[in-house]
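FYI, it's all coordinate maths here, none of it is from the lab. Just so it is clear, the model here is predicted, and its values are computed rather than measured. Note: ideal-geometry Cβ built from the backbone for every residue, glycine included; neighbour counts use all protein chains shown.
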Amino acid sequence: MNKVEQEILALMPALRRYARSLSRDRQDAEDLVQDSLEAAFAHLGGWRGVNLRGWLLTIMTNLSRRRHRSAAGRAVFAELGEADALEAPGREGDPLERDRLLAAINLLAPEQRSVLMLVVVEGYAYAEVADMLAIPIGTVMSRLSRARRSIAENLNGRNIVGLRRS
Amino acid sequence: MSVSEHDLHAYVDGRLDESRRSEIERWLAQHPDAAAEVAGWRQQNDRIRALFSVDAPHADDARRIAGIASSRRAVRLPPGTGAAAAAVALFLLGAAAGVLGTLGLATAPSGVAAVEVLPAAARASYLVYTREVAHPVEVGADEEAHLVSWLGKRLGTEIAAPDLSAEGFRLVGGRLVPFRGAPGALLMYEDASGERLTLLFGRNEDNSDTGFRFASEDRVQTFYWIDGPVGYALSGEVGRERLERISRLVYRQL
């Protein structure tokens with residue numbers, strides 16, 4: 001295994017987490033990780049040699065958006081029960097509330113969702129996100145703002161009912 | 001003091017320096033509506049982070065990465081062939097676009113039954129992809145479980161890869177293909193001599209099953225049939241008798 005392969009190996013848990021944060025369920029997330037790894041190795045020549053993690057997350061963001069576009073029109077509410085699949089065993093918190101949060105996240109437009117996750121979960125600064133996604137920082141801020149308001153509205157409103165498997 | 005929404009997000013995300021943060025805190029103390037919204041965003045952050053925590057590494061990660069890396073190395077061309085290879089790739093892309101375009105695969109022909117477009121779609125996929133040397137499939141047979149679950153998901157119904165070893169064919173892998181403007185699945189098989197078959201799965205909305213049908217153009221022959229929500233088409237150049245035998249083998253397993 002060469003150096004880049006070892007570095008990618010070390011990043012696998014982080015890649016998987018980001019994939020899950022963009023995906024409806026674990027299978028989608030695994031598919032996204034696989035597609036991203038293949039795209040990364042196909043385009044290693046295009047990597048500038050710095051910030052491997054940022055480069056991989058950018059690839060994943062783009063693939064995820066394309067995938068959402070091709071899946072557009074798929075029923076949203078029918079799959080809310082899938083939220084259960086993302087739940088890690090033994091995690092604290094009310095499972096019903098967790099389902100409602102996931103459902104609210106699943107309603108976000110893909111480009112809002114990726115900005116939110118890069119900022120909140122991956123811990124990137126706004127300017128870094130702008131750089132990674134090649135968008136102006138104002139766009140980062142407006143997507144972040146819309147994502148937060150949309151989640152808050154959906155959590156406070158009655159338009160989401162968490163589906164549970166009994 | 002002026003406070004922008006940018007400041008409020010930066011406050012929530014811990015992106016302000018100490019002095020600006022105290023300023024925002026003083027401002028929030030006097031603006032309860034904004035303070036409530038900001039508190040909500042903070043709580044959102046905590047809950048989202050709790051939702052997506054990092055898993056332990058998987059045991060097979062190293063093998064998986066090495067596999068992808070080596071499959072990329074295997075198709076890398078020797079130096080100097082770059083321009084020629086690019087020309088070939090462009091030609092193949094053009095040919096693919098031509099074939100798909102001519103047969104109307106790029107868009108959904110409304111009002112045309114799945115069974116009517118199956119043989120032409122199958123023939124086009126067969127011609128385009130079995131001639132590919134470097135990338136005949138998107139996902140190889142070494143990841144069969146992933147392959148069938150992925151394609152099944154795109155197709156909207158579970159599929160399985162039939163075992164054709166009784167006829168000397170092994171699974172090469174599969175790929176996503178367009179079928180009537182929607183996702184279809186293509187599996188490819190190969191025998192020891194390098195002869196290839198393709199099995200096309202396409203979504204069927206019409207409420208009709210069919211028996212085996214046969215189509216032939218030039219040397220490419222196709223057996224196709226509709227079974228509930230899915231239309232199947234097996235294409236190859238192995239002679240009608242053998243192709244029919246393999247089709248029955250497929251049919252029995254699906």
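Within 10 Å of each Cβ in peptide A:13-23, how many partner chain Cβ atoms are there on average? Round it to a whole number, please.
Working: counts 7, 2, 1, 7, 4, 2, 1, 5, 4, 1, 0.
That average works out to 3.
How charged is the neighbourhood of B:Phe214? Take every other residue with its Cβ under 15 Å from the Cβ of B:Phe214, and add Lys/Arg as +1 and Asp/Glu as -1.
Local net charge: +1.
With a 10 Å Cβ neighbour count serving as the proxy for reagent exposure, in which order, fewest first, do B:Leu51, B:Leu118 appear?
B:Leu51, B:Leu118
What order do you get for B:197-205, B:178-186, B:154-162 when each peptide is scored by the mean count of other beta carbon atoms within 10 Å, highest first?
Output ranking for B:197-205, B:178-186, B:154-162: B:197-205, B:178-186, B:154-162.
Looking only at other chains, what is the average number of their beta-carbon atoms within 10 angstrom of each beta-carbon in A:2-8?
Partner-chain Cβ atoms within 10 Å, mean over residues of A:2-8: 2.
What does the average come to when, for each residue of peptide B:61-71, you count the partner chain Cβ atoms lying within 10 Å of its Cβ?
Mean inter-chain Cβ contacts per residue within 10 Å come to 5.
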